[in-house]
Amino acid sequence: MTSDVPPAVQRVARTAWAGGELSSGTRVVPEETAIALTYNRTTHAVMMATPADLEDFAVGFSLTEGVVERPQEIEELAVVPSDKGIELRMWIGEDRGATFRDRRRHLAGPTGCGLCGMDSLAEAMRPARVVGSDLRLTADDVRRAIASLPSAQTINRQTRAVHGAAYWEPQAGLVGLREDVGRHNAVDKLAGALARQSLNAGNGLLLLTSRVSIEMVQKAAAIGAPIVVAVSVPTALAVRAAEASGITLIAVAREDGFEIFSHAERIVSGSIADVA
């Protein structure tokens, strides 16, 4: 058994073919390991994830999956590595433990698959929390937020192989960013980081470097994010979920433009002062 958490990136040998010739060398790639999330010694989920920001992952997953409502409800948290993976070992109070047992489900599947192994279709399609917010931002705010992402994605700059989730505010800029091989995991890590710093996700944008599927909207709603901005395309179900939950969903986002799929009233033309 090992007692060490592996690094988030590894350098591996590779043979490249280019220009009609083969050459030997190395490439930096992201690490991926099995992460078991356990509560009171009972396994709730096993996810394949990047072994970084694991405390954030544990707290964020617990919040976005409804195991706890506040990070303080996690009484103990330990990161326990082994030769087969890493256990995020948590202890929660009896009240939360009863709720956890009622809706317990096992998730075991490919990288960051948030819906693999669900015990019920109703759980997969659970309605997202309704997000109420008076936040109004300009198109320039959205473009500035998008432009802030690349320089902050340290693992992706090395590997070009991980997803990022970030939180951005008009006055503060990029407040936090987390990366992972799984897009759901990246959101959970960010959710945990914000919660552990007592930061309110309702004051800015949730930025995603991936496509937007139903579970991404559910997780955004769980942390109260009123605006989600993604670089890729949403699914039709994600659009319907965002509309129902009161979330402004922006996708296909680039520095020179973007598309709004729900609750476009939060994005205004001109300056906020002009609108006010």
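Read the figures in this text as sums done on the coordinates, not as results from a lab. What you see is a predicted model; the values in this text were computed from it and never measured. Ideal geometry is used to build each Cβ from the backbone, glycine not excepted, and the neighbour counts take in all protein chains shown.
At 222 nm, what helix-only mean residue ellipticity would the chain give, in deg cm²/dmol to the nearest 500, using -39500 (n - 2.57) for each DSSP H run of four or more? Can you show the working numbers first?
Numbers: 10 runs with 80 residues, N = 276.
One gets -8000 deg cm²/dmol as the mean residue ellipticity at 222 nm.
Ranked by Cβ crowding within 10 angstrom, fewest neighbours first, how are Val181, Val239 ordered? Numbers along the way, then the final one.
Values: Val181 23, Val239 18.
Ascending Cβ contact count within 10 Å gives the list Val239, Val181.
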* Enter the per residue convex hull volume of region 137-275, computed from alpha-carbon coordinates, in Å³ rounded to the nearest integer. => 97 Å³
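Relative contact order for the chain: what percent, with Cα pairs under 8 Å and sequence separation of 6 or more?
Numbers: 613 pairs, mean separation 49.4, N = 276.
Relative contact order comes out at 18 percent.
What does the charge add up to near Gln171, with Lys and Arg as +1, Asp and Glu as -1, over the other residues with Cβ less than 12 Å from its Cβ? Could you put the intermediate results ahead of the total?
On the way: positive: Arg144; negative: Asp141, Glu169.
It works out to a net charge of -1.
Want the number for Glu21 to Ser232: 0.36 nm per residue separation, take away the alpha-carbon distance, what's left? If you can, show how the numbers build up before the last one.
Details: separation 211, 0.36 × 211 = 75.96 nm, distance 3.48 nm.
Value of the extension gain: 72.5 nm.
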* Euclidean distance of C-alpha centroids, region 30-79 and region 231-250, integer Å -> 26 Å
